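Worksheet: one structure, shown below.
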Amino acid sequence: MVASNGHGTTGPDVDVVVAGAGFAGLHMLYRLRHLGVSVRAFESGADVGGTWYWNRYPGARCDIPTVDYSYSFDPELEDEWTWSEKYATQPEILRYLQHVADKHDLRRDIQFSTTVAEATWDDEQRLWHIRTDRGDELTARYYVMATGCLSMPKAAEVEGLERYRGDVYFTSRWPHEGVDFTGKRVAVIGTGSSGIQSIPLIAAQAEALTVFQRTPNFSIPAHNGPVPEKMRDAIAGRAAEYREAAKWSVGGIPVEPTQVVTFSVTPEERTARYEDAWQAGELFAILGVYADLMVNPDANAELAGFLHDKIRSIVEDPETADTLCPKDHPFGTKRPCLDTNYFATYNLPHVRLVDLRKHPFRSITESGIDTVDESLEFDAIVFATGFDAMTGALVAVDITGRDGVTLKDKWAHGPTTYLGLTTVGFPNLFFITGPGSPSVLSNMAVSIEQHVDWVADCIADLRARGVDTIEPTETAEAGWVQHVNDCADITLYPTANSWYMGANVPGKPRVFLPYIGGVGKYRIACDEVVDRDYLGFRLKSGADTTCNDGVIRRVQPDVAAVMEMMAMLDLPPLETMDPDTARAFVEASSAMRPPGPDVGEIVDGTIPGPAGDLAYRLYRPPTDGPHPVVVYFHGGGWVLGNATSDDPLCRDLCVRSNSVIVSVDYRHGPEARFPAAIDDGFAATRWVADNAVALGGIPGELAVFGWSAGGNIAAVVCQLARDAGGPAIVGQGLMTPVTDLDMSSGSYAENGEGYILTAALMKWFCDHYADEADRSDPRASPLRADNLAGLPPAIVITSEFDPLRDEGIAYADALTAAGVPVQHIAARGHTHTSLTMVDMVISGAKIRAEIADALRAFFGASVPAH
Ligand code: N01
């Protein structure tokens with residue numbers, strides 16, 4: 001039903017309904033009001049504040065410096081409000097939000113002590129029907145959920161609570177009048193941020209405190225106190241500039257991320273830096289201590305070791321200290337805590353730690369808690385057991401979208417959103433800091449404002465254009481979900497059983513919920529969506545639908561980061577250089593690469609070639625031989641490179657495939673043009689086959705592998721070997737190969753610019769390599785061979801953003817058509833060069849693992865075990 005809007009026409013009762021009046025809801029209300037739209041907000045609490053209204057437990061504070069954890073939309077607040085501490089307490093933050101609400105008279109649009117219970121989309125009228133738990137019913141064009149990421153407390157999951165006669169408290173729903181634990185025997189369950197903040201203060205009052213710990217957590221001292229001068233100075237007199245920098249930063253605080261990796265410095269320097277981060281008492285300082293902390297397990301373990309030592313140096317009882325050392329998850333993969341005297345609390349004689357891993361709960365009794373091996377009596381039990389994070393509050397509202405689908409059902413296997421803001425099937429529904437947005441991994445104040453601004457601007461824009469509904473497309477949403485996962489998958493985060501993964505709630509799907517790509521990059525993506533005419537959104541105005549469908553981020557995030565870095569260096573294009581200068585330039589750049597994994601042995605030697613000796617480098621696996629042998633041909637467009645130029649890739653292939661890799665050099669253009677490289681490649685393959693035993697290889701177990709121009713040589717060598725009756729080659733690995741020199745495929749048009757290997761550079765390579773007349777020779781363009789039958793089984797690897805992609809695919813198809821067994825590995829989101837960037841582009845590792853598996857399959861049972 002469409003109610004009268006009081007203006008004599010029919011339409012929604014209000015333009016927008018907002019659920020929640022915390023940080024997000026208040027700002028949303030402010031923005032909408034200034035747009036001149038009608039808005040009604042509902043808030044479950046009796047006043048504004050959201051999380052800061054409910055979480056009143058002793059010790060509750062923010063864990064982002066409060067000068068950063070503040071609004072920027074009202075510049076007057078910078079002077080009006082002075083934070084008393086580096087990390088303000090809950091009452092002070094609540095007063096701040098109340099001040100904002102008062103100043104902007106926001107309460108008049110908020111109905112308190114009221115929860116939105118149901119929201120149902122009416123596709124005919126194009127509006128939401130909203131119903132609250134107090135029976136209010138109204139319609140709205142848009143529905144904005146500003147319900148918070150950590151607002152739905154988890155149920156007490158310990159059996160028997162209903163029997164218990166003592167006092168029960170949840171940190172997330174703390175009594176307004178406070179609690180006096182003096183003379184009480186208290187149990188605290190949970191050692192996340194809420195437990196770690198409250199335990200020292202509860203211990204200070206209680207007669208006896210027992211902490212039940214399931215998982216120990218990393219925590220560093222907050223070193224709280226007055227706002228440090230350096231923090232005040234950073235913002236004083238330049239608040240606007242400071243806030244602007246925060247918006248484009250990684251985590252929502254303007255700090256320059258380090259580029260230094262853990263093991264690039266001496267152990268002494270490393271420890272000194274860890275110590276500085278410990279002393280700084282800031283989450284972003286310790287999480288950003290080294291660039292590889294959250295991607296390299298060894299780097300992470302190094303810091304974890306330092307933190308374990310700190311715990312052991314504080315906690316006097318060695319067994320308790322050991323129980324408090326987190327060992328089951330990498331540092332940072334569960335949100336680390338900031339504390340005041342947390343670990344030292346365990347030195348107090350009346351405080352005891354129970355390790356639930358060793359002594360699990362049996363049940364809660366009338367008078368206390370039974371573990372499997374003792375009965376303990378308590379006057380009060382405090383649950384600091386956390387939240388159904390990020391999705392709990394969203395699916396708690398009965399939301400029904402188009403075609404009667406509920407949000408709960410749609411997200412049964414994990415939330416799917418476009419930009420964390422919207423979801424398919426639910427037009428005109430917006431989430432503030434929803435799953436798939438930076439939210440909890442960032443300074444929430446900054447992320448909330450970004451979402452609120454995006455939503456407000458969007459609503460204003462749609463109204464101005466006469467658009468009735470906005471809804472993401474399946475393609476855009478699937479693309480964003482993929483991107484969110486791609487970003488998480490190159491980090492250690494998914495390895496932990498954290499609430500980021502939904503792992504703290506029994507039965508919740510295991511999905512990495514927030515977006516880890518960074519606040520600044522995320523903002524760029526959101527803005528770009530709008531600039532590209534709402535890319536990936538379907539807009540309906542009356543009977544018209546417009547849609548610029550597509551995916552906003554398709555390149556793998558680490559590949560994109562490398563491309564950005566290179567763009568910033570503004571390097572001269574290779575094709576503007578003469579070959580010698582280009583060679584020197586590439587060699588100098590290669591010296592800065594991570595070296596790749598250790599192999600068992602490296603041997604350099606020479607091979608007699610048709611026109612003189614050819615250098616080779618042999619990589620032997622660290623396992624007992626003999627091994628199968630792979631003749632490797634380097635990339636470099638037949639102009640650049642040598643036997644050692646693909647060193648990291650060769651090491652990686654060697655270790656992963658457990659094969660001897662013999663990287664052979666060949667003559668280059670323009671000094672030695674086509675077919676010199678091919679002649680050398682074939683001669684080198686023959687020589688390696690003949691000398692397999694001396695090289696530590698298994699006779700007959702010989703494959704060839706090449707990248708780029710090297711892939712071209714590998715493919716041609718297989719054709720030549722077939723035609724010459726030997727040597728026997730059991731498999732060919734062609735990674736982003738050149739198979740046709742005519743350079744006219746669709747992928748040249750698509751990817752010829754902007755992905756490092758450009759069409760212009762390919763032309764430069766080809767011009768230096770082969771005369772026009774030679775380019776259709778199958779020895780230059782193996783795709784043009786009349787007959788591909790009888791060639792060795794192949795692995796063809798193509799990259800999505802490579803000008804050479806289509807010719808790789810064409811060769812794979814042609815081989816298949818000729819009856820050759822082919823495994824085609826399509827590297828999604830990769831470029832021509834990214835798969836070679838060992839230890840730099842982490843997303844390439846799983847592709848190289850697939851390649852290694854395929855190589856091993858060529859050799860079958862003859863490959864010795866790892
Ligand atoms: O909740 P948590 P939280 N039996 O989920 C344990 C933010 N926050 O309220 O790890 C026994 O982190 C659980 O054990 P395990 C901040 O982002 C910020 O403390 O699941 N134990 C864990 O130890 C934070 O990360 C501040 O094995 C059970 C604890 O309870 C987020 O909110 C302050 C259990 C829950 O830890 C959540 O923090 C407070 C069971 N059945 C919160 N179930 C600031 O400083 C759970 N546990 C700003």
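The values are calculated or read from the model by the stated rules, or taken from the named source; none is laboratory data. Every value quoted in this text rests on a predicted model; they were computed, and no experiment measured them. Every residue, glycine as well, gets a Cβ built from its backbone with ideal geometry; the counts of neighbours run over all protein chains shown. What goes into the accessible areas is simple: the full protein's heavy atoms, side chains included, and nothing from ligands, DNA or RNA. Shrake-Rupley method; radii C 1.70, N 1.55, O 1.52, S 1.80 Å.
Applying Stokes-Einstein at 20 °C and 1.002 mPa s to the Kirkwood radius of segment 395-548, computed over alpha-carbon pairs, gives a translational diffusion coefficient of 133 µm² s⁻¹. Counted over segment 388-450 with a bin width of 10 Å, the fraction of Cα pairs per bin, in whole percents, is 22, 55, 21, 2.
Give, to the nearest whole percent, the P(r) tail of segment 167-229 beyond 18 angstrom, counting all Cα pairs. Don't skip to the end; give the middle numbers.
Working: 834 of 1953 pairs.
Of the Cα pairs, 43 percent sit more than 18 Å apart.
Based on every Cα atom in segment 573-698, Rg and the maximum pairwise Cα distance Dmax equal 14.9, 47 Å.
If you roll a 1.4 Å probe over segment 44-166 with all protein chains in place, what percent of the accessible area is carbon or sulfur?
Working: 2240 of 4990 Å².
Carbon and sulfur: 45 percent of the exposed surface of segment 44-166.
The per residue volume of the convex hull around the alpha-carbon atoms of segment 203-297 is 176 Å³.
Heavy-atom accessible area for residue 613, with the other protein chains in place and a 1.4 Å probe, reaches approximately 110 Å². Of the options 142, 128, 331, report the single residue whose Cα projects farthest towards the positive end of the charge dipole of the chain (beta-carbon charges: Lys, Arg +1; Asp, Glu -1). My answer, from the dipole projection, is 128.
Hydropathy at least 1.6 by Kyte-Doolittle, axial extent at least 27 angstrom from the Cα trace: which helices of the chain, defined as entire DSSP H runs, fit?
Details: long enough: 444-465 (31 Å, 0.25).
Span-like helices here: none at all.
Here, segment 205-261 is characterised by an Rg to Rh ratio of 1.19, where Rg is the alpha-carbon radius of gyration and Rh the Kirkwood radius.
When the dipole is taken about the Cα centre of the chain, and only Lys, Arg (+1) and Asp, Glu (-1) are charged at their Cβ, what size is it in debye, to the nearest 20?
Details: 70 positive and 117 negative charges, 280 e Å.
It comes to approximately 1340 debye.
Measuring against 20 Å, Cα to Cα, the residue pairs 86/184; 154/310; 86/327; 230/310; 86/230 contain 86/184; 154/310; 86/327; 230/310 as the ones spanning a longer distance. For segment 764-866, dividing the convex hull volume of the Cα atoms by the residue count gives 131 Å³ per residue.
So how strong a dipole does segment 131-174 carry about its Cα centre when Lys and Arg Cβ are +1 and Asp and Glu Cβ are -1, to the nearest 20 debye?
Charge dipole, segment 131-174, about its Cα centre: 120 debye, nearest 20.
Dipole of the chain computed with +1 at Lys/Arg Cβ and -1 at Asp/Glu Cβ about the Cα centre; of 375, 739, 297, farthest Cα towards the positive end is 375.
A straight chain from residue 611 to residue 328 at 0.36 nm per residue would run longer than the Cα-Cα distance by 96.0 nm. Computed over protein heavy atoms with a 1.4 angstrom probe, the accessible surface ordering of 312, 141, 243, largest first, is 312, 141, 243. Leaving ligands, DNA and RNA out of it, report the carbon-plus-sulfur percent of the accessible area of segment 720-771 at a 1.4 Å probe. Exposed carbon and sulfur together represent 53 percent of the surface. The modelled label-to-label distance for the pair residue 510/residue 857, using points 7 Å beyond Cα in the direction of Cβ, is 2.6 nm. With a/c under 1.5 counting as rounded, go ahead and sort segment 313-435 into rounded, prolate or oblate using the C-alpha gyration tensor (a ≥ b ≥ c being the square roots of the eigenvalues; past the cut-off, prolate if a/b is larger than b/c, else oblate). The shape class here is prolate.
Mean separation of Cα pairs under 8 Å and 6 or more residues apart, divided by the residue count, gives the chain a relative contact order of 10 percent. In terms of its Cα atoms, segment 1-160 spans 52, 52, 21 Å along the principal axes, sorted from long to short. Using heavy atoms of the protein chains and a probe of 1.4 Å, the accessible area assigned to residue 118 is about 60 Å². A simple spin-label model places the labels of residue 177 and residue 291 5.8 nm from each other, with each point 7 Å out along Cα-to-Cβ.
A 1.4 Å probe run over the protein chains yields, for the chain, 38 Å² of accessible area per residue, whole-number rounding. By accessible area, using a 1.4 Å probe on protein heavy atoms only, segment 474-615 has 55% of its surface on carbon and sulfur.
How many Å³ per residue does the convex hull of the Cα positions in segment 249-356 occupy? Don't jump to the answer; show the numbers that get you there.
On the way: hull volume 12.5 nm³, N = 108.
Dividing the Cα hull volume of segment 249-356 by its residue count gives 115 Å³.
Order the following by accessible area, largest value first: 308, 634. Probe radius 1.4 Å; ligands, DNA and RNA are ignored.
Values: 308 30, 634 0 Å².
Largest accessible area first, the residues go 308, 634.
How much of the DSSP bridge set in the chain is antiparallel, in percent, rounded to the nearest 5? List each step's numbers first, then the result.
Values: 43 of 108 bridges.
Expressed as a percentage, antiparallel bridges in the chain total about 40.
Considering only 252, 727, 592, and ranking their Cα positions along the charge dipole of the chain that arises from unit charges at the beta-carbon of Lys, Arg, Asp and Glu, the one farthest toward the positive end is 252.
For the residues 40, 33, 108, 163, a 1.4 Å probe over the protein chains yields an accessible-area ranking, largest first, of 108, 163, 40, 33.
The modelled label-to-label distance between residue 624 and residue 760, using points 7 Å beyond Cα along the C-beta direction, is 5.6 nm. In segment 10-52 the Cα-Cα distances spread across 10 Å bins starting at 0 as 30, 50, 18, 2 percent of all pairs. Diffusion of the chain by Stokes-Einstein, at 25 °C in a medium of 0.890 mPa s and with Rh set to the Kirkwood radius over alpha-carbon pairs, works out to 81 µm²/s.
Kirkwood Rh over alpha-carbon pairs of segment 442-533, then Stokes-Einstein at 10 °C and 1.306 mPa s: what D in µm² s⁻¹, rounded to an integer?
Values: Rh = 15.3 Å.
My calculation gives 104 µm²/s for D.
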